[in-house]
Amino acid sequence: MAEYKVKIKSIENVTHDTLRIVTEKPGGYSFKPGQATEIAINKNGWQNEKRPFTFTSLPGDADLEFIIKTYPEHNGATDKLLDVEVGDELILDEVFGTIDYRGEGLFIAGGAGITPFVAIFRDLQKKEALGMNRLVFANKTSRDIILKEELDEILGNRVVHVLSEEKAQDHAHGLVDKEFLKEHISGGENFFYLCGPPPMMDAVEKHLYDLGVSKKSIIKEGW
Ligand SMILES: Cc1cc2nc3c(=O)[nH]c(=O)nc-3n(C[C@H](O)[C@H](O)[C@H](O)COP(=O)(O)OP(=O)(O)OC[C@H]3O[C@@H](n4cnc5c(N)ncnc54)[C@H](O)[C@@H]3O)c2cc1C
């Protein structure tokens, strides 16, 4: 399988535990918004520790961008990413991914599960094709919301932020449960796009089926 070594051009925090990493883009490397690759850090002992991450940059951009939530408690690759610096190298793999944009619908993301949708919304904005797409974005607290300003700017009043562990103005409170979904499904959605932690995905998917949504209208990627 082909591997590509790319240098990190910039690295910064977008939330207290989430990084934005911009890297060089290998010549001829192409992907669709929503797709991902496996990444390892090119440092001794880490070259074989591949983890999947989604491109948040657009296919036509000169660089690649990744938005990566870090888990120091795993002592794994995302913890190690907290030590990398500009000029260090990442090893990228081939492109893969099951989430692609098929048409207007309701996007439901949990935490870092927003990344494929960031790429899709940026792409739709660029093409002036955002249409009636809507986003439900679930997080624990307001400080966990990744790229809130940008998402609010792109989607305006078609984004609902849901917080499970904080009550805040202009944010819904609680879980994305059946009652919540009933309130936020218009009935006209052709597609439901889901991405987030497996327990949330499983629960949301079950609620959608209970509400009469068909399997073929659900497009999902479980983490
Ligand atoms: C297709 C796809 C795309 C993805 N895109 C993104 C993205 O764009 N951005 C993003 O942030 N995430 C993304 N993810 C999720 C991301 O891949 C994981 O968060 C990441 O692999 C975690 O890596 P890690 O090295 O920190 O931990 P892990 O690989 O989960 O774990 C490393 C070690 O820690 C142990 N461990 C696991 N959990 C715990 C725990 N709670 N306490 C102690 N030890 C533990 C494990 O057993 C393992 O030995 C994506 C996932 C998929 C499948």
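The values are calculated or read from the model by the stated rules, or taken from the named source; none is laboratory data. In this text, all values refer to a predicted model and were calculated from it rather than measured experimentally. All Cβ positions, even for glycine, are placed from backbone atoms using ideal geometry, and neighbour counts span all protein chains on display.
How many residues does the stretch 182-195 contain that are within 25 Å of Gln35 (Cβ to Cβ) and either under 14 Å from the mean Cα position of the chain (by Cα) or assigned to a helix (DSSP H, G or I) (or both)?
Residues in the stretch 182-195 being within 25 Å of Gln35 (Cβ to Cβ) and either under 14 Å from the mean Cα position of the chain (by Cα) or assigned to a helix (DSSP H, G or I) (or both): 3 in total.
Of the conditions (1) closer than 26 Å to Lys140 by Cα; (2) part of a strand (DSSP E or B), Ile99 clears all except one; give me its number.
(2)
Looking only at residues in the stretch 196-223 that are more than 16 Å from Glu104 (Cα to Cα) and assigned to a strand (DSSP E or B), which one is modelled with the highest pLDDT?
Gly196
Applying the selection to the stretch 113-128, what residues are within 15 Å of Ser57 (Cα to Cα), of a type outside the set (Asp, Glu) and surrounded by 16 or more Cβ atoms within 10 Å (Cβ to Cβ)?
Within the stretch 113-128, Ile114, Thr115, Pro116, Phe117, Val118, Ala119, Ile120, Phe121, Arg122, Leu124 qualify.
List pairs: first residue in the stretch 88-102 and at positive phi and in contact (Cβ under 8 Å) with a residue 60 or more places away in the chain, second residue in a strand (DSSP E or B) and surrounded by 14 or more Cβ atoms within 10 Å (Cβ to Cβ) anywhere in the structure, Cβ distance under 9 angstrom, at least six positions apart or on different chains.
Partner pairs satisfying both residue conditions: Gly97/Ala36; Gly97/Thr37; Gly97/Thr54; Gly97/Phe55; Gly97/Glu221.
Please enumerate the residues belonging to the stretch 137-175 that are closer than 20 Å to Thr115 by Cβ, charged (D, E, K, R) and outside any helix (DSSP H, G or I).
Scanning the stretch 137-175 gives a single hit, Lys140.
Among Leu124, Leu130, Leu58, which is at pLDDT 95 or above, more than 9 Å from the ligand (Cβ to nearest atom), outside any loop (DSSP other than H, G, I, E, B) and among the aliphatic types (A, V, I, L, M)?
Leu124
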